[in-house]
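Contents: one structure, followed by commentary.
The values are calculated or read from the model by the stated rules, or taken from the named source; none is laboratory data. Every value quoted in this text rests on a predicted model; they were computed, and no experiment measured them. Don't worry about glycine lacking a Cβ; one is built from the backbone with ideal geometry, like all the others, and counts go over all protein chains shown.
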Amino acid sequence: MSTWRRWAVKLAQHASSALPGVHSPWAEAMRREIDYIADDAAALRWAIGCVLASYRTRLMQWFNPRTSRRQVAASSALILLLAVALYDSAGGQTEPPRPAPDETICDPVASPELRQDRGGLHRPTDAAHRTCRSDRPDPLNPKK
Amino acid sequence: MPRKPNNSRQTRALLAAFLERSRTWRHGYDLSKETGLRSGTLYPLLMRLSEQGLLEPRWQEPERPGLPPRHVYRLTTAGLALAREQELEAVAAERAGVLA
């Protein structure tokens, strides 16, 4: 079997596999016709045409108004389902509240820990809080 | 104005080829050689005509052993009527062209 003939057979097989369903007897018919073509170059040309015919038929099937209406309906239903699922899984989830340092009591200038992390989100520990409190004069009891 | 179905040059050529030997079962390669249509054009046409009930396909046992069965085609009564109608139209158009 020549290289051209081998390619022709491969292409015809591809054309046959690209055209499943109700058109499969036609794909098989195109493929079998290769065996009756004596000239290898003609067989290859025939096989290329078979591939084009398969693709063309598939495209026509895709753009068939009856089929496309069904496909559009199915795609819309799927998108709607995905949207509802995403909304459900994302619903109720909000950004967690940012912890804010209690600056009414603790002065960041006085607290070394807060002074270091002034730009970021930092919640002073209880220990730092206590230190901070003890450093500052109690506004209600300035003598302490 | 809506386009008349099965009125393309390729379809007319194919129907004319079938009409020439209306009782004979024809195969794809034979039709391709006679009409000059390549397989990529011929088979979608054959499929469409078959879906419209204008063409009758069947599998034919091979004449020589070792070869696979072959798909052959013939026009149905409706297909023959359409082919004859198109032939008459073509003849009429030709006459009109000559007279003009």
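Quick rundown of the values:
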{"quantity": "Residue count for region A:16-61, restricted to those that are within 9 Å of chain B (Cβ to nearest Cβ) and under 31 Å from the mean Cα position of the chain (by Cα)", "calculated": "5"}
{"quantity": "Residues that are in contact (Cβ under 8 Å) with a residue 12 or more places away in the chain, polar (S, T, N, Q) and within 11 Å of chain A (Cβ to nearest Cβ), drawn from region B:30-61", "calculated": "B:THR41, B:SER50, B:GLN60"}
{"quantity": "Top-ranked residue of region A:40-67 - restricted to ones that are among the hydrophobic types (A, V, I, L, M, F, W, C) and surrounded by fewer than 16 Cβ atoms within 10 Å (Cβ to Cβ), ranked as modelled with the highest pLDDT", "calculated": "A:ALA41"}
{"quantity": "Lone unmet requirement of (1) touching a helix residue (DSSP H, G or I) at 6+ places or on another chain (Cβ under 7 Å); (2) more than 9 Å from chain B (Cβ to nearest Cβ); (3) within 19 Å of B:PRO44 (Cβ to Cβ); (4) modelled with pLDDT under 90 for A:ALA12", "calculated": "(4)"}
{"quantity": "Residues located in region A:1-18, provided they are among the hydrophobic types (A, V, I, L, M, F, W, C) and either assigned to a helix (DSSP H, G or I) or free of Cβ contacts under 8 Å to residues at least 24 places away in the same chain (or both)", "calculated": "A:MET1, A:TRP4, A:TRP7, A:ALA8, A:VAL9, A:LEU11, A:ALA12, A:ALA15"}
